[in-house]
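Reviewing the structure listed below.
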Amino acid sequence: CTREIKTARVADEGVIALEGYEDTGCSWTYSMDYVTGGVSREVMDKMNLAIIQSATGSDVDDTSTDVPASCLQWVDGIDAEYSEYSGEILANLAEDDSPWMLNWSYAVDGSFTTGCKARKLITYSSASDSYTGGAHGSNYVAYLVFDLTTGELVTESDLFREGFEADIAEPLYDKILEGLDEELWDAIYEVPMPNGNFSVSEEGLTWLFNTYEIGPYVLGPQIASFTWAELEPYLK
């Protein structure tokens with residue numbers, strides 16, 4: 001595959017100030033790659049729609065393929081949610097209390113990373129991070145693998161034979177243990193199965209398990225990387 005997609009990046013940041021309270025508010029930032037050419041309009045629209053839906057979720061028009069406009073709509077949604085919630089909190093806040101719980105933050109970052117030209121595939125990494133009170137924030141990384149000939153998202157069923165999950169579970173578990181200190185091995189809930197969240201490269205394929213997915217917060221995100229040669233028994 002010699003096709004090279006053309007991309008642009010949209011980025012901005014800001015703060016929604018909490019009126020009447022200094023140094024309190026909701027910060028937001030976004031920085032995202034999106035497709036501008038190098039493929040047909042149909043392929044470009046499919047890819048950009050998936051990018052928007054992954055990065056901003058249900059906060060925007062779910063049929064939009066305009067990434068910059070959707071980012072602005074995402075910010076408007078955050079503003080509306082923060083205004084509503086902060087109003088409820090402040091209405092019940094004692095005069096001398098601090099609204100510390102209203103220091104929120106949202107961030108999304110999306111970028112094209114690796115790909116496999118032989119299979120006409122490219123990976124997009126979509127990361128989100130938010131804090132809306134509590135002991136710690138929430139973060140998540142979703143990999144989107146696109147077929148450059150169609151613009152469609154590639155799933156495990158497109159690459160692997162039926163029933164491969166049971167056969168690859170133990171090798172996948174071993175890969176995760178290789179990257180962990182031995183004292184953390186027992187923190188894993190159970191032998192993990194492929195979860196559909198994977199990236200591809202010229203060398204192979206990597207599954208990503210986000211925080212809490214296969215273990216407690218202390219475990220953090222975990223990966224299991226395989227070469228194409230290691231995956232050959234399981235591929236279609």
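Okay, here's what the table says:
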{"quantity": "Under 26 Å between alpha carbons - lysine pairs in the chain that sit 8 or more apart or on different chains", "calculated": "10"}
{"quantity": "Amide H contacts of ILE122 (H built 1.01 Å from N, under 5 Å, at least 5 apart or other chain)", "calculated": "CYS116, PHE146, LEU148"}
{"quantity": "Ratio of the Cα radius of gyration of the stretch 77-144 to 2.2 N^0.38 Å, where N counts its residues", "calculated": "1.70"}
{"quantity": "Per DSSP, loop chymotrypsin sites (Phe, Trp or Tyr not before Pro) in the stretch 103-171 with at most 15 further Cβ within 10 Å", "calculated": "none"}
{"quantity": "Distance (nanometres) between label positions extended 7 Å along Cα→Cβ at ASP158 and VAL15", "calculated": "4.3"}
{"quantity": "Exposed-site-free run, longest, the chain (rule: GluC sites (Glu not before Pro); DSSP loop; at most 13 other C-beta within 10 Å)", "calculated": "23-94"}
{"quantity": "Label-reachable residues, the stretch 30-50, where backbone N falls under 14 Å from a point 7 Å from ALA142's Cα toward its Cβ", "calculated": "47-50"}
{"quantity": "Global size of the stretch 191-236 as Cα Rg and Dmax, reported in angstrom", "calculated": "11.8, 36"}
{"quantity": "Placed amide H near SER27: partners under 5 Å, 5+ positions off or other chain", "calculated": "ILE16, TRP104, SER105, TYR106"}
{"quantity": "Cα-based Rg of the chain normalised by 2.2 N^0.38 Å, two decimals", "calculated": "1.18"}
{"quantity": "Sequence-distant residues sharing a close amide H with THR36 (under 5 Å, placed H)", "calculated": "LYS6, THR7, ALA8"}
{"quantity": "The stretch 7-106: Rg to Rh, with Rh as the Kirkwood radius over Cα pairs", "calculated": "1.13"}
{"quantity": "Fraction of accessible area attributable to carbon and sulfur, the chain (%, probe 1.4 Å)", "calculated": "48"}
{"quantity": "Accessible area in square angstrom per residue, the chain, 1.4 angstrom probe", "calculated": "53"}
{"quantity": "Centre separation in Å (Cα based) which lies between the stretch 115-182 and the stretch 11-63", "calculated": "21"}
{"quantity": "For the stretch 146-236, convex hull volume per residue from C-alpha positions, Å³", "calculated": "99"}
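The values are calculated or read from the model by the stated rules, or taken from the named source; none is laboratory data. Because the structure is predicted, anything quoted here is derived from the model rather than measured. Positions of Cβ are backbone-derived with ideal geometry, glycine not excepted, and every protein chain shown enters the neighbour counts. Ligands, DNA and RNA are stripped out before the accessible areas are found, and what is left, the full protein with its side chains, is counted by its heavy atoms. Shrake-Rupley method; radii C 1.70, N 1.55, O 1.52, S 1.80 Å.
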